[in-house]
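**Student:** Got a structure here, written out as structure tokens. Questions coming.
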Amino acid sequence: MEAQERVVWLRKAALLCGLVGFVAYINTLDCKFCLDDQRAIEQNPDLRRNASWLGLLSNDFWGTPMDDPDSHKSYRPLTVATFRLNYLLHELEPMGYHLVNVALHSVVCYLYVQLCGLVFAELWPALVAGLLFAVHPVHTEAVAGLVGRADVLASLFFLLSFFCYRKAALSTGSGRGPVAWLMSSALLALCSALSKETGITVVGVCVLYDYFLLQKMDWSSSVQLVWRIAFSFQRHSSLSHSRSPSRSPPLSPSLTSS
């Protein structure tokens, strides 16, 4: 199969999986707010029209100031910003919030198939993987539960960041193109982390992809290198501990007075 034909068929497979992912969760559009949705949306002061947008940068996911002792410390301002946009459009009508969640899941399914197309030589494994990803029940909580938008949104920016990094790494020449792709990757990685904290792991994924797949480093020698560094660090720590002077316990007051 020619490269251009492969791109067309992969795009069709990705569109199919995106559509399947949307249809699989279309029944959630009639759901209401439940469990954590009530606190994150109905009771979140950051979503109200009179609230400052800058408050999103200083409050946690639930609208509590980060420096408050009762704060959950979950910093996801970009996800909260999408909730606020929902609120500005239709306030506390649940269908709009659920529609955004399902649409985001559909887009992530599309991108996931594109990612699988980079991994598999044939197209059918990418299609099967995409269909399984679209309907797998492990995504139910993230898509059906509105607070799960943090996971879906972080996944969206995660994949986009990886694609931009790959584009930058494969670009030839020293023009603005590779730098622009790399900066886009960094910006999207930041967006992923601001959607949910785990999104920052895309940086590690890009490093490992560059090291092992693009630079074609040997896995066994890399594992041996990591093992030697860990062993050297452990040995150095043990020697430092053994060389530290031992301190005898202080004498009791009765002994010092005598």
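**Student:** Calculate what fraction, in whole %, of the accessible area of the stretch 1-85 sits on carbon and sulfur atoms when a 1.4 Å probe is rolled over the protein chains.
**Tutor:** On the way: 3060 of 5060 Å².
It is 61 percent, rounded to a whole number.
**Student:** What list of ³J(HN,Hα) couplings, whole Hz, do you get for the stretch 111-124 from phi and the Karplus terms 6.51, -1.76, 1.60, once you set θ to phi - 60° and write x for glycine and proline?
**Tutor:** Rounded to whole hertz, the list is 5, 5, 5, 4, 5, 5, x, 7, 8, 9, 6, 8, 7, 5.
**Student:** Also: Please turn the phi angles of the stretch 154-169 into ³J(HN,Hα) values with the Karplus equation 6.51 cos²θ - 1.76 cosθ + 1.60 (θ = phi - 60°), one per residue in order, whole Hz, x for glycine and proline.
**Tutor:** 5, 5, 4, 5, 4, 5, 5, 5, 5, 4, 5, 5, 4, 4, 5, 5
**Student:** Shifting gears a bit: Output wanted: per-residue J couplings in Hz (rounded whole) for the stretch 133-149, from phi through Karplus 6.51 cos²θ - 1.76 cosθ + 1.60, θ = phi - 60°, x for Gly and Pro.
**Tutor:** 5, 5, 10, 5, x, 5, 8, 4, 5, 5, 8, 6, x, 5, 5, x, 4
**Student:** Sorted by average packing, counted as other Cβ atoms within 10 angstrom per residue and highest first, what order do 204-215, 108-119 take? Mind showing how you got there, number by number?
**Tutor:** Working: 204-215: 13.0, 108-119: 20.5.
The packing order, highest mean first, is 108-119, 204-215.
**Student:** What value does the stretch 132-191 have for Rg/Rh, both radii from Cα atoms and Rh as Kirkwood defines it?
**Tutor:** 1.17
**Student:** What number, in percent, do you get for the relative contact order of the stretch 38-133 if the mean sequence gap of Cα pairs under 8 Å and at least 6 apart is divided by its residue count? The partial results should precede the final answer.
**Tutor:** Values: 80 pairs, mean separation 17.4, N = 96.
Reported relative contact order: 18 percent.
**Student:** Send over a whole-number figure in Å² for the accessible area per residue of the stretch 41-154, probe 1.4 Å.
**Tutor:** On the way: 5400 Å² over 114 residues.
Accessible area per residue: 47 Å².
**Student:** If you don't mind, there's one more thing I want to ask. Straight distance only, please: which lysines reach the Cα of Lys73 with their own Cα at less than 19 Å, same-chain residues fewer than 8 apart left out?
**Tutor:** Lys196
The values are calculated or read from the model by the stated rules, or taken from the named source; none is laboratory data. Bear in mind that the values here come from a model prediction, so they are computed numbers and not experimental data. Every residue, glycine as well, gets a Cβ built from its backbone with ideal geometry; the counts of neighbours run over all protein chains shown. Ligands, DNA and RNA are excluded from the accessible area calculation, which covers all protein heavy atoms including side chains. Shrake-Rupley method; radii C 1.70, N 1.55, O 1.52, S 1.80 Å.
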